[in-house]
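The values are calculated or read from the model by the stated rules, or taken from the named source; none is laboratory data. Note that the structure is a prediction, hence the values are computed from the model and not measured. Side chains included, ligands, DNA and RNA excluded: accessible areas come from the protein's heavy atoms. Shrake-Rupley method; radii C 1.70, N 1.55, O 1.52, S 1.80 Å.
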Amino acid sequence: MANLFTLNMTQIPLADWINKFVNWLTQFVGFFNGITNFIGGIVNGFQAIFDILPIWLFIIIVLGITYWALHDSKHWGLMLFEILGLLLIWNQGYWRDMTQTLTLVLTSSLIIVIIGIPLGIWMAKSHTVHLIVKPILDFMQTMPAFVYLIPAVSLFGIGMVPGVIASVIFSLPPVVRMTDLGIQQVPADLVEAADSFGSTGWQKLIKVELPIAKSTLMSGVNQGMMLALSMVVIASMIGATGLGAQVYFAVGRNNAGSGFAAGIAIVILAIILDRITQAFNKSKKSSD
């Protein structure tokens with residue numbers, strides 16, 4: 001009976017529909033070229049800065065940012081780790097690969113902040129938008145990351161730009177969700193107090209809701225940045241350069257040593273980015 005049911009069941013042409021939709025999108029060449037040029041400009045700008053900076057000056061800047069965010073003596077261990085970690089990356093010959101990976105992560109993080117925070121605020125303010133966007137975010141988070149590479153290549157070619165696009169799609173949901181959550185968790189009595197003083201919606205958002213939701217919002221940014229960094233190896237499959245490409249090439253050559261060395265460099269970069277973003281969040285909370 002099961003075989004008879006399977007034979008008589010008509011298959012829904014879902015794959016054909018998706019292929020037709022992607023092919024239909026390819027006719028908007030000018031639009032996607034504009035996006036490619038815009039993101040490519042950001043990527044080239046970040047990379048040009050990192051290429052100009054001497055390695056010793058780059059390390060000093062990282063230490064300065066860390067000290068400014070956490071200006072107390074009990075975090076000297078983190079600064080020592082940053083020095084030793086970055087020197088190890090330099091020693092292993094992965095410095096430019098590291099800056100290329102950092103460029104991909106910073107570009108993706110910049111885009112998800114620009115898109116995610118306003119969208120999260122909109123979700124918190126509109127029940128209709130929340131109902132529409134929430135299942136889309138669920139889809140974006142649960143879809144395997146490899147799937148995003150296919151339309152990214154079809155619409156944006158190969159290289160860093162489609163890698164950034166795939167990273168943005170994969171890492172955007174936490175920023176949107178945490179912003180929405182932070183705004184919704186603002187105490188109602190504070191909102192009512194702002195209304196009683198005649199605050200406009202914009203004043204209430206800037207002076208009351210966002211400052212209170214800042215900690216939750218920054219946690220979302222931190223999660224989004226870490227997810228973008230987790231995409232570097234996958235993005236290397238479509239031409240994104242950096243440490244991910246070194247890991248990908250090592251797998252192809254069955255070179256465990258090179259793969260682990262590049263992987264350790266990714267771990268060092270991930271820890272530095274994670275601690276710095278957390279440091280900004282903690283410093284802001286302590287100042288409040």
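Scanning the chain for helices, which whole DSSP H stretches are 20 Å or more long along the axis (Cα) and average 0.0 or more by Kyte-Doolittle?
In the chain, the long hydrophobic H runs are 29-52, 55-69, 76-91, 95-125, 127-142, 160-184, 210-230, 256-287.
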In the chain the accessible area split gives carbon plus sulfur, as whole percent at 1.4 Å, a share of 69
Taking a probe of 1.4 Å and leaving out DNA, RNA and ligands, segment 205-271 shows per residue an accessible area in Å² of 41
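What does the accessible area per residue of segment 1-140 come to in Å², with a 1.4 Å probe and no ligands, DNA or RNA counted? Can you show the working numbers first?
Working: 9000 Å² over 140 residues.
That works out to 64 Å² per residue.
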GNM on the chain, Cα springs under 10 Å; top mean-square fluctuation among MET140, MET160, MET218 goes to MET140
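Please report the relative contact order for the chain, taking Cα pairs under 8 Å with a sequence separation of at least 6, and give it as a percent rounded to a whole number.
About 23 percent, as a whole number.
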Rounded to the nearest 500, the 222 nm mean residue ellipticity computed for the chain from DSSP H runs (n ≥ 4, each -39500 (n - 2.57)) alone is -27000 deg cm²/dmol
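Let me make sure I get this right: for segment 9-103, a, b and c are the square roots of the gyration tensor eigenvalues over alpha carbons, sorted descending. Under 1.5 in a/c it's rounded, otherwise prolate if a/b > b/c, else oblate. Which is it?
prolate
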Highest GNM mean-square fluctuation among LEU210, LEU25, LEU229, for the chain with Cα springs under 10 Å, belongs to LEU25
